[in-house]
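Undergrad: Sharing a structure, written as structure tokens. Questions coming.
The values are calculated or read from the model by the stated rules, or taken from the named source; none is laboratory data. Fair warning: this is a prediction, and the values are worked out from it, not measured in the lab. So basically every Cβ, Gly included, is an ideal-geometry build from the backbone, and we count neighbours across all protein chains shown. The protein model used for the area step is the full one, side chains on, heavy atoms only, and it has no ligands, DNA or RNA in it. Shrake-Rupley method; radii C 1.70, N 1.55, O 1.52, S 1.80 Å.
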Amino acid sequence: MSENAEPLIQVRNLSKHYGEAAVLENISFNIESGDLVSIIGPSGCGKSTLLRCLNCLEILDEGEICINGTLISSQLALVDDAMFCRRAHQLRQSIGMVFQSFNLFPHKTLLENIMLAPMVVRKQSRELSRRQGMELLDKVGLANFYKRHPWSISGGQKQRVAIARALAMNPVLMLYDEPTSALDPEMVEEVLQVMRNLDRDGMTQVIVSHEMKFARDASDYIIYVEGGKIVEISDEDEIFISPKDERTKRFLKRYM
Amino acid sequence: MKRFLFFILILFGSSTYGDELRWAADTESGAPSVFYDGNSQLAGFEKEIIEEVCKELDKAPIFYQNDWAWLIPGLDHGLYDAIVEGLFRSEENKDAVLFSIPYYACPLSLLVREGDEEIKSLEHCRKKKVGVLCCSRPRIVLKEYEDIEVFEYPNEHGALSDVKNGRLDAALLDYPAAMYSTIALKGLKIVNNFDSVEYLMAVRKGNYALIGEINGALLKLIQNGKVQIIVSKWGLTNPLFDAYIAKMVGGSGADARDTFEREQSSSKFQKYVKLLPIFAKAALVTLEVSICGMIVAVALGLVLVLVKLYSPRWIRFIVTVAVEIIRGTPLIVQLFFIFYGLPFVGITLQPLVAGIVALGINYAAYESENFRAGLEAVPSGQMEAARALGMSQWQSLRYVVIPQAFCFVLPPLTNDFIAIIKESSLVSLITIVELTKTYTTVASSSFDFFIPGIIVAVLYLALGLPFVRLAKLAEKYLALEKSAYRAKRIPKKSHINAQ
């Protein structure tokens, strides 16, 4: 993937407003294929919104996003809404997303949770989806649980299934919206381990997190967001050892 | 669904013309005009006369049940071709339909309680309460007596039982109904016969061909004495009838009246057993209307709520207004509008279809609100997760949100199904013979509202209960919340083993 000259994600002058209030202002950054990037910042700084803009769960108000060659821009939304929706739909199919509250489908078993999207969206056969689903459950260490329903497993297990479910669509990019915030401390590690494994396999991952230790240990680099703006983008060690910006310094002091 | 459409098609297709004469009457008016006898067979002297007419015209008689008050509107909208139900010419209806020549004539009869020696004629009824059938000849006669308190009843039985139990002092009915009710309902007597009324058949305005045919047939039947035979067989001959018919064939025995008399005195138990098949048939109609109505309601309700939640603002507005109109008007008004109103704009529905459509639309409005509550009870994260997996909005709804919403919706849905079974009784007003209609018909022709009432109540319960049980089972099976409790009972050991 690294031979691809273009960065996997290019964000240019992204802005997002809720009514009058600006949530994101003029955000620009690139992420290369295979990177593991952490987005950190205080609560309400807009980091989750930024993540949700990347797979069009939120519609950007200004700027453009280009992911894996698919271009989404505020201009396009104005000119050709149908085209915009089509591209957003296409984009979401190649991006996996993991939520803080898991959002597993409670009326389906774990295996069915994973099989659903490939069968519905890709019209993949039940047999193939099933085989693939079992492989993925095995990958996150839950193969024996395939018949269970989401209500009968722990939070950490749910999040691992959620990751497996996202992987079933063969995404080129994984987004995590505070994946460990709702978990008991002893379950955090099992989820982070899955993400580490994915990083080793070369998956591009963007994580909004409060796990500073993980961000520091595993990330290729860190984006620090505050007040809807990118304050600092830097190599992980650099930001933790010698943050350039005063605001970053203050934030990290509270967390570390 | 396919089967349901097919069923609808059959209903639409069933209105064939040609060599049949579709005639209507209200069986609720009881013996001897047109009624269901002890064997649940259609009987009555008017039924026999129209069948003779049909024989003359070489047409097959097809019977349609309709409420007395709605006989003429039904004729107007082409539900049937003729009315044979003691119709007489009056100021109100003389321009509404085409009348045939009379096939029967009789006086009006004043009925009082046996043992009442005070009332001998209408003159004695001043300042007293007298019951009549609505839109009947007696009703018109009584208009001239301002100081008689008049009560209108939809059928003879109501008036007669009220005379018997003392709510009324007297009842004024046509001679045949009066005479037969003294046989069936012991304790009443006829004190006076006066005035006159002539029974005519009616066809749609402008249908001169048919009225010509009927008049020709009637004339022939009177000339060859067949009408007289029928009338005398039912014991209905009277001086007025004799006067009307020049050539009179006297009948010695009033066979039909004797049969009716025998039936009334036969064992009650046997009578009720004989009623069961007719009630069973009616229960099936009730079930059919209810189930089809509910299918329409659920399907349409789902469409309404999806439009309401996921469509452009202006469409949403229209749907919201429509739902409010449907929820805010009585079902009975909607029913009459669909059945008798829509033909004015060229949409004529078969009774069963109209009933199902009215119930379906009415309940769809409620179901859409049920569904909205159900859909909104599903956490928004579910829709987001589905969209994030690349599903379209419809796919997300179809595979993720709606199945979960269904669990929330099932209990109120069951409620509404029970309600629709009961409310389906309203379709009896548009000529459908279902449980309630059968009850009033059977009760008023046998003058017994008690046991048939219990039979009908039991049948309604029997229709509803299986669905309550079924819904309970489905709830248990589907419930997401409850299953969380179940989860706690699973031993933790299995977790450890699995890992």
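Undergrad: Looking at the range B:123-157, which of its residues are out of contact with any helix residue (DSSP H, G or I) (no Cβ under 8 Å at 6 or more places or on another chain) and closer than 18 Å to B:LEU188 by Cβ?
TA: B:HIS124, B:CYS125, B:LYS128, B:LYS129, B:SER136, B:PRO138
Undergrad: Here's a follow-up. Kindly evaluate B:ILE326 against the criterion of being open to solvent by 40 Å² or more (accessible area, probe 1.4 Å), at pLDDT below 95 and either under 30 Å from the mean Cα position of the chain (by Cα) or assigned by TED's automatic domain parsing to the domain that holds B:SER368 (or both).
TA: Here the answer is no, as B:ILE326 does not meet what is asked.
Undergrad: Can you confirm whether the range B:409-430 contains a residue that is at the interface with chain A (Cβ under 10 Å from one of its Cβ atoms), touching a helix residue (DSSP H, G or I) at 6+ places or on another chain (Cβ under 9 Å) and surrounded by fewer than 21 Cβ atoms within 10 Å (Cβ to Cβ)?
TA: No, there is no match, as no residue in the range B:409-430 is at the interface with chain A (Cβ under 10 Å from one of its Cβ atoms), touching a helix residue (DSSP H, G or I) at 6+ places or on another chain (Cβ under 9 Å) and surrounded by fewer than 21 Cβ atoms within 10 Å (Cβ to Cβ).
Undergrad: Could you list, in sequence order, the residues of the range A:79-94 that are of a type in the set (A, V, I, L, M, F, W, C) and within 12 Å of chain B (Cβ to nearest Cβ)?
TA: A:CYS85, A:ALA88, A:LEU91
Undergrad: Cβ-Cβ distance below 9 Å, separation of 6 or more or different chains: which pairs start in the range B:387-402 with a residue that is at positive phi and end on one that is among the basic types (Lys, Arg)?
TA: B:GLY390/A:ARG92; B:GLY390/A:ARG122
Undergrad: May I pose another question? Name the residues in the range A:179-197 that are surrounded by 19 or more Cβ atoms within 10 Å (Cβ to Cβ) and either in contact with a strand residue (DSSP E or B) (Cβ under 7 Å, 6 or more places away or on another chain) or without any contact (Cβ under 8 Å) to a residue 24 or more places away in the chain (or both), would you?
TA: Of everything in the range A:179-197, those that are surrounded by 19 or more Cβ atoms within 10 Å (Cβ to Cβ) and either in contact with a strand residue (DSSP E or B) (Cβ under 7 Å, 6 or more places away or on another chain) or without any contact (Cβ under 8 Å) to a residue 24 or more places away in the chain (or both) turn out to be A:PRO179, A:MET195.
Undergrad: A follow-up question, please. Mind checking whether some residue in the range B:247-266 is assigned to a loop (DSSP other than H, G, I, E, B), open to solvent by 20 Å² or more (accessible area, probe 1.4 Å), modelled with pLDDT of 85 or more and of a type outside the set (Lys, Arg)?
TA: no
Undergrad: Given the structure, is B:VAL400 farther than 30 Å from B:ILE332 by Cα, within 11 Å of chain A (Cβ to nearest Cβ), among the β-branched types (Val, Ile, Thr) and touching a Lys or Arg at 6+ places or on another chain (Cβ under 9 Å)?
TA: Yes.
Undergrad: If the requirement is being open to solvent by less than 30 Å² (accessible area, probe 1.4 Å) and in contact with a Phe, Trp or Tyr (Cβ under 7 Å, 6 or more places away or on another chain), which of these qualifies: A:THR70, A:THR109, A:THR49?
TA: Among A:THR70, A:THR109, A:THR49, only A:THR109 is open to solvent by less than 30 Å² (accessible area, probe 1.4 Å) and in contact with a Phe, Trp or Tyr (Cβ under 7 Å, 6 or more places away or on another chain).
Undergrad: Name the single residue that is surrounded by the fewest Cβ atoms within 10 Å (Cβ to Cβ) among those in the range B:62-78 being in contact (Cβ under 8 Å) with a residue 60 or more places away in the chain and not in a helix (DSSP H, G or I).
TA: B:GLY78
Undergrad: Where the second residue is assigned to a helix (DSSP H, G or I) and open to solvent by 50 Å² or more (accessible area, probe 1.4 Å) and the first is within 8 Å of another protein chain (Cβ to nearest Cβ) and lies in the range A:143-155, which pairs have Cβ atoms under 8 Å and are six or more apart or on separate chains?
TA: Cβ pairs passing all conditions: A:ASN144/B:ASN497.
Undergrad: Residues of the range B:80-113 being modelled with pLDDT of 85 or more and part of a loop (DSSP other than H, G, I, E, B), which ones?
TA: Those that are modelled with pLDDT of 85 or more and part of a loop (DSSP other than H, G, I, E, B): B:TYR80, B:ASP81, B:PHE88.
Undergrad: For the range B:340-359, which positions are aromatic (Phe, Trp, Tyr) and open to solvent by less than 10 Å² (accessible area, probe 1.4 Å)?
TA: Residues satisfying the conditions do not exist here.
Undergrad: Checking the structure you have, find out if any residue of the range B:107-117 is closer than 30 Å to B:CYS54 by Cα and not charged (D, E, K, R).
TA: Checked against the condition, which is being closer than 30 Å to B:CYS54 by Cα and not charged (D, E, K, R), the range B:107-117 yields at least one hit.
Undergrad: Does B:LEU335 satisfy being under 38 Å from the mean Cα position of the chain (by Cα) and of a type outside the set (Phe, Trp, Tyr)?
TA: Taking the combined requirement at face value, the residue satisfies it.
Undergrad: Would you confirm whether any residue within the range B:204-217 is assigned by TED's automatic domain parsing to the domain that holds B:TYR64, closer than 19 Å to B:ASP67 by Cβ and basic (Lys, Arg)?
TA: Yes, the range B:204-217 contains at least one residue that is assigned by TED's automatic domain parsing to the domain that holds B:TYR64, closer than 19 Å to B:ASP67 by Cβ and basic (Lys, Arg).
Undergrad: Which of the residues that make up the range B:91-146 are on the phi > 0 side of the Ramachandran plot and surrounded by 16 or more Cβ atoms within 10 Å (Cβ to Cβ)?
TA: Result: B:CYS135, single match.
Undergrad: Then there's this: For the subset of the range B:20-61 comprising residues that are part of a strand (DSSP E or B) and small (Gly, Ala, Ser), which member is farthest from B:PHE99 (Cα to Cα)?
TA: Applying the filter and picking the extreme gives B:ALA43.
Undergrad: Can you name every one of the helices (runs of 4 or more DSSP H) wholly within the range B:124-240 that holds 3 or more residues which are in contact with a Lys or Arg (Cβ under 9 Å, 6 or more places away or on another chain)?
TA: B:156-164, B:175-184, B:208-223, B:226-233
Undergrad: Inside the range A:120-135, can you point out the residues that are within 13 Å of another protein chain (Cβ to nearest Cβ) and over 22 Å from B:GLN404 (Cβ atoms)?
TA: Result: A:ARG122, A:LYS123, A:GLN124.
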